[in-house]
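What follows is one structure encoded as structure tokens, with my remarks underneath.
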Amino acid sequence: MSISADGYVAGPSQSDEHPLGVGGEKLHGWHLGAAKDHPVNRQVVSEMLDGMGATIMELVRVLEAPGVAHLRYRVVR
């Protein structure tokens, strides 16, 4: 799973129809799409996952404007 620089693992407007948010697949394409077989990407994934234990995520409410809030997952550890 990828995490954006601001700590999100999904794009905006998450829903049952778009569980990764609108356009959220782009965040994960480097290791889930066709690019996953590139030698550099394989090395990065290997280095990230070797010895990795559990990743803990929490569901947070993000207030985007007065009266407009969305639920998003945030990686805690």
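Bear in mind these aren't lab numbers, they're just calculated from the coordinates by the rules spelled out. Everything quoted here is computed from the prediction, not taken from an experiment. Here the Cβ positions follow ideal geometry from the backbone for every residue, glycine too, while neighbour counts run over all protein chains shown.
Structure values in brief
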item	result
Selection within segment 31-77 - over 19 Å from residue 10 (Cα atoms) and among the charged types (D, E, K, R)	37, 42, 47, 50
Conditions (1) free of Cβ contacts under 8 Å to residues at least 24 places away in the same chain; (2) surrounded by 11 or more Cβ atoms within 10 Å (Cβ to Cβ); number of the one not met by residue 2	(1)
Selected residue (only one of 69, 35, 54 is of a type in the set (A, V, I, L, M, F, W, C) and part of a loop (DSSP other than H, G, I, E, B))	54
